[in-house]
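Chemist: Would you mind keeping the following structure in view while I ask a few things?
None of the figures in this text is laboratory data; all of them are computed from the coordinates on show. Computed from a predicted model, the values in this text were never measured in an experiment. Neighbour counts run over all protein chains shown; Cβ positions are idealised from the backbone, glycine included.
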Amino acid sequence: MFKNILVAVAEGPGADAVFAHALSLARLTEARLIVLHALSAEQQPAHAFVHDNDSNWVDYMQRWKRREHEGSTLLQHLHQQAAHAHVPVEILQQTGSPGPTICRGAQEQQADLIVVGRRVGPDGLPLGSTSTFVLHHAPCAVQTVPLQADATP
């Protein structure tokens, strides 16, 4: 059925639910699991890009390195879980806006399915722009995992 499943993860409480769902699918279908974490410069405050003040640049770089490290730590943790479950796994951390980065990663990795979190509000309506972008631009099938509004997509 599926040969390559790409799961998009982020730091926060939603990462575990999205990953667990994708891991279950990979086990059931004997697929390779590709775990992707997108590092987005868009999530940094706009003042961080002002180069006329060295302290802003240093602050930005410190926060960026911290985000890279947090993402790498998350990916290593998820890699261990997949390996423990005997699921072939590859981890990727790429820089870019999350939606396009996920779609590009799926195309590059020849994914048959993308699993991505979808934040929903108390009324059940979708809140996440990343999952909406992926649904409309993905090169393959997409499955969304609903998360509470306070969870990270």
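Chemist: I'm a student and want to see the number: the projected area of the Cα convex hull of segment 4-148, averaged over all directions, in nm².
Modeler: Hull-based average projected area comes out at 9.1 nm².
Chemist: Between the helical axis of 14-29 and the dominant principal axis of the chain, each derived from Cα atoms, what acute angle in degrees is found, rounded to the nearest 10?
Modeler: The angle comes out near 30 degrees.
Chemist: To the nearest 10 degrees, how steep is helix 98-108 against the longest Cα principal axis of the chain, on a 0 to 90 scale?
Modeler: For helix 98-108, the angle is close to 50 degrees.
Chemist: Right, something else. Count the DSSP beta bridges whose two residues both fall in the chain, then state the antiparallel fraction as a percent rounded to the nearest 5.
Modeler: 5 percent
Chemist: How much length would be gained if the chain were fully extended between Q76 and Q148, taking 0.36 nm per residue of separation minus their Cα-Cα distance, in nm to one decimal?
Modeler: Values: separation 72, 0.36 × 72 = 25.92 nm, distance 2.49 nm.
Gain in length upon complete extension: 23.4 nm.
Chemist: Compute the projected area of the convex hull of the Cα atoms of segment 75-126, averaged over all viewing directions, and report it in nm² to one decimal place.
Modeler: 5.2 nm²
Chemist: Relative contact order for segment 1-123: what percent, with Cα pairs under 8 Å and sequence separation of 6 or more?
Modeler: 40 percent
Chemist: OK, next. What's the extension gain from L127 to A141 if we count 0.36 nm per residue and subtract their Cα-Cα distance?
Modeler: 3.0 nm
Chemist: So how strong a dipole does the chain carry about its Cα centre when Lys and Arg Cβ are +1 and Asp and Glu Cβ are -1, to the nearest 20 debye?
Modeler: For the chain, the charge dipole is close to 340 debye.
Chemist: Still on this structure, please answer the following. Given Cα pairs under 8 Å that are at least 6 residues apart, what percent is the relative contact order of segment 86-134? Please list the in-between numbers first.
Modeler: On the way: 29 pairs, mean separation 16.9, N = 49.
After rounding, I find 34 percent.
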